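Comments concern the structure below.
The values are calculated or read from the model by the stated rules, or taken from the named source; none is laboratory data. These figures come from a predicted structure and were not determined experimentally. As a convention, Cβ positions derive from the backbone with ideal geometry for all residues, glycine included, and neighbour counts pool all protein chains shown. The accessibility values were calculated without ligands, DNA or RNA, using every heavy atom of the protein model including side chains. Shrake-Rupley method; radii C 1.70, N 1.55, O 1.52, S 1.80 Å.
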Amino acid sequence: MGEEGADVDEPRAIAVHPAGDEFVCATAKGCRLFKLVYEDFTINLVSRDSPPLQSVGPQRCLAFSTDGTKFAIGGEDGHLIIFHWPNLSVLLDEPKAHKSFRDMDISLDSAFLVSTSTDGSARIWKIDEGAPLVNLTRSSDEKIECCRFSRDGKKPFLFCTLVKGNDIVTVVLNISNWKRIGYKRLLRKPISTLSVSLDGKYLALGSRDGDCCVADVKSMEVSHMIKKVHLGSPVSSIEFCPTERIAISTSHQWGAEITKLDVPADWRVWQIWLVFLSLFVVSAILFYMFFKHTNLV
């Protein structure tokens with residue numbers, strides 16, 4: 001393939017299906033679907049024909065829902081399309097959703113999609129109804145940039161990074177009324193990406209000069225700071241390992257970096273049972289001692 005063809009096929013965004021066996025890659029022309037085939041201790045990458053995705057043009061944002069039944073794309077031209085996966089029937093098609101897409105995410109229950117624009121605006125979409133629900137409130141000097149829904153399955157929130165002059169904060173919104181309930185200054189510098197761990201306990205932010213930080217969602221305090229992990233290059237993405245407290249961050253200049261997070265370890269099931277067993281043994285010993293030293297009439 002020539003140099004011109006290589007530029008056309010260069011990945012601009014990637015979304016992996018929650019099942020982990022396929023992913024969609026955005027290029028200058030459109031999107032390409034790939035299947036991961038595991039056989040004989042090897043992984044083969046197989047390209048799949050998908051006409052509805054191949055002809056959509058250049059995309060800035062791709063997102064699968066957590067249950068894998070919805071797939072959304074946001075174009076450089078501001079065009080939003082939400083598909084049902086895997087049959088690719090169209091649930092929502094809005095050519096003028098934004099001036100141009102900045103970021104997007106789908107809620108844990110697959111009911112809502114949040115999208116932000118390069119002009120600083122943000123909208124909430126009702127997926128099943130295939131229609132916009134509300135524009136997020138902001139003042140004329142505020143820009144909403146990155147956005148992610150909470151993932152812990154409890155009281156749902158929406159996290160957004162907001163820029164107002166030189167002030168950069170992470171805002172928390174209640175999705176029952178889409179009102180702000182608080183904000184925190186976490187990374188204190190221009191943000192390039194935002195991510196939430198699969199269990200919803202941690203929020204990660206990447207900066208445009210290569211720094212990353214991880215915050216505890218419950219306290220909204222920074223738990224781990226990673227300086228210059230992608231020195232001088234915007235962090236493109238941050239993903240959490242599903243089984244360990246490890247984060248994988250990427251940038252166009254430095255590729256992928258793996259960081260072991262300095263956060264409290266989760267309790268394993270065997271550890272919880274060990275605590276229960278210890279309490280039972282202690283209770284039995286105390287009962288025996290009480291019974292032994294008690295004079296029964």
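Within the bounds of region 37-45, is there any residue that is part of a loop (DSSP other than H, G, I, E, B) and under 29 Å from N174 (Cα atoms)?
Checked against the condition, which is being part of a loop (DSSP other than H, G, I, E, B) and under 29 Å from N174 (Cα atoms), region 37-45 yields no hits at all.
Among the residues of region 99-136, write down those that are crowded, with 22+ Cβ neighbours inside 10 Å and among the acidic types (D, E).
Listed by number, the residues that qualify are D103, D105.
If I filter region 136-149 down to residues being in a loop (DSSP other than H, G, I, E, B) and more than 21 Å from the chain's Cα centre (by Cα), which single residue comes out as nearest to P190 (Cα to Cα)?
The initial filter retains those residues of region 136-149 that are in a loop (DSSP other than H, G, I, E, B), namely 136-141.
This time we only want the ones that are more than 21 Å from the chain's Cα centre (by Cα), so: 137-141.
Numbers: T137: 21, R138: 18, S139: 19, S140: 19, D141: 16 Å.
Ranking the qualifying residues of region 136-149, first place goes to D141.
Considering only residues that are small (G, A, S) and at pLDDT 90 or above, look in region 20-52 and name the one that is surrounded by the fewest Cβ atoms within 10 Å (Cβ to Cβ).
Filtering region 20-52 for residues that are small (G, A, S) and at pLDDT 90 or above, the one surrounded by the fewest Cβ atoms within 10 Å (Cβ to Cβ) comes out as S47.
Only one of G200, G232, G206 is small (G, A, S), open to solvent by less than 80 Å² (accessible area, probe 1.4 Å), more than 21 Å from V16 (Cβ to Cβ) and touching a residue at least 12 places away in the same chain (Cβ under 8 Å). Can you tell me which?
Checking each option against the conditions leaves just G232.
What residue, among those in region 154-186 that are assigned to a strand (DSSP E or B) and aromatic (F, W, Y), is least open to solvent (accessible area, probe 1.4 Å)?
Result: F159.
Just give me the residues in region 134-186 being under 21 Å from A204 (Cβ atoms) and of a type in the set (F, W, Y), in sequence order.
Residues satisfying the conditions are F149, F157, F159, Y183.
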